[in-house]
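J.: Just dropping this structure here.
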Amino acid sequence: LVVHAPTNEAYKGSKFVIEAVEALQAEGIPFDFKMIKDLSLDEARRYYKAADVIVDQLLIGSTGVLTLEAWALGKPCVVYLQPGLFEKFYKTDDVPVVNANPSNIKDQLRMIIGDVGRREELSYRGRELVENFHDIRTVIDQFVDMYKGMMERPLHLPTGSGDIEYLKWHFQKMAKQEANARNFERRFKEQRV
């Protein structure tokens, strides 16, 4: 069972996941697919627990909450990660995921569906990673220290145009990322034609 749970189908690259799934099923590769959408949290969790492979996002370049949930459940996760992004945090660039993007998702899904040993290896490594870096018992002291540090600092209210300029820059950056995703999608379609 392969599951995909997009909070936002455009940002998660869901159309590429669906196209890959349909192509693989047309090839006769035996697997089930479930898009987790419009379900209660309990229903979604049942699918996550039953899944053999969980597909997160293909465009953003970072782990999402779904990747962490997959690791916590000991499930292999397919997600696009930018190279080098996690080395400083996880002390390795060998993050236990199937790194996929719109151009290789079909091949990566074919590989992970057919390779039980690789799924098992990613399951164990993902669970170990989430325990070592995200478990509340591991990070609680860091959170308490950060919270105390924030509470000890004086409240910062906007004092001038610099704060407004930062917000403007941030929203422009987000708009540019969205435009880049649309351009990537357009170029990908053109290459397939």
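The values are calculated or read from the model by the stated rules, or taken from the named source; none is laboratory data. Everything quoted here is computed from the prediction, not taken from an experiment. We place every Cβ from the backbone using ideal geometry, glycine too, and count neighbours over all the protein chains shown. Only protein heavy atoms, including side chains, enter the accessible area calculation; ligands, DNA and RNA are left aside. Shrake-Rupley method; radii C 1.70, N 1.55, O 1.52, S 1.80 Å.
J.: So if I place +1 on the C-beta of Lys and Arg and -1 on the C-beta of Asp and Glu, and nothing else carries charge, what would the dipole magnitude of segment 1-136 be about its Cα centre? I want it in debye, nearest 20.
T.: Working: 16 positive and 21 negative charges, 19 e Å.
Its charge dipole is roughly 100 debye.
J.: Suppose the chain between Glu131 and Asn183 were pulled fully straight at 0.36 nm per residue; how much longer would it get relative to their current alpha carbon spacing?
T.: Numbers: separation 52, 0.36 × 52 = 18.72 nm, distance 3.75 nm.
15.0 nm is the gain from fully extending Glu131 to Asn183.
J.: Something else about it: What residues qualify as long-range amide H neighbours of Val98, i.e. H under 5 Å apart, gap of 5 or more or another chain, H built at 1.01 Å from N?
T.: Cys77, Val78, Val79
J.: Please give the helix 14-26 orientation as an angle from the longest Cα principal axis of the chain, in degrees from 0 to 90, rounded to the nearest 10.
T.: Between the helix axis and the principal axis of the chain, the angle is about 10 degrees.
J.: Let me have the relative contact order for the chain, percent, based on Cα pairs under 8 Å that are six or more residues apart.
T.: Averaging sequence separation for qualifying contacts and normalising by length gives 18 percent for the chain.
J.: For the cross-link pairs Lys88/Lys148; Lys15/Lys189; Lys34/Lys75; Lys106/Lys176; Lys49/Lys106; Lys15/Lys168, which exceed 19 Å when the distance is taken from alpha carbon to alpha carbon? Show your work: numbers first, answer last.
T.: Details: Lys88/Lys148 24 Å; Lys15/Lys189 11 Å; Lys34/Lys75 15 Å; Lys106/Lys176 27 Å; Lys49/Lys106 23 Å; Lys15/Lys168 31 Å.
Among Lys88/Lys148; Lys15/Lys189; Lys34/Lys75; Lys106/Lys176; Lys49/Lys106; Lys15/Lys168, the Cα-Cα distance tops 19 Å for Lys88/Lys148; Lys106/Lys176; Lys49/Lys106; Lys15/Lys168.
J.: Rounded to whole Hz and in sequence order, give me ³J(HN,Hα) for segment 56-72 from the Karplus expression 6.51 cos²θ - 1.76 cosθ + 1.60, θ = phi - 60°, writing x for Gly and Pro.
T.: 8, 10, 10, 10, 6, x, 9, 5, x, 4, 4, 4, 5, 5, 4, 4, 4
J.: Counting only C-alpha contacts under 8 Å and six or more residues apart, can you give the relative contact order of segment 56-131 as a whole percent?
T.: The normalised contact order for segment 56-131 reaches 35 percent.
J.: How much of the accessible area of the chain, probe 1.4 Å, is carbon plus sulfur, in whole percent? Please report the intermediate quantities before stating the final value.
T.: Working: 6760 of 12480 Å².
Roughly 54 percent of what the probe reaches on the chain is carbon or sulfur.
J.: Could you report the chain's accessible area per residue, 1.4 Å probe, as an integer in Å²? Present the calculation step by step, with values, prior to reporting the outcome.
T.: Working: 12480 Å² over 193 residues.
I get 65 Å² per residue for this part.
J.: Using only Cα atoms, tell me the angle between helix 116-133 and the longest principal axis of the chain; keep it within 0 to 90° and round to the nearest 10.
T.: It is inclined by approximately 10 degrees.
J.: Quick check: residue separation of Asp141 and Thr7 times 0.36 nm, minus the Cα distance between them. What number comes out in nm?
T.: Values: separation 134, 0.36 × 134 = 48.24 nm, distance 3.04 nm.
Roughly 45.2 nm would be gained on extension.
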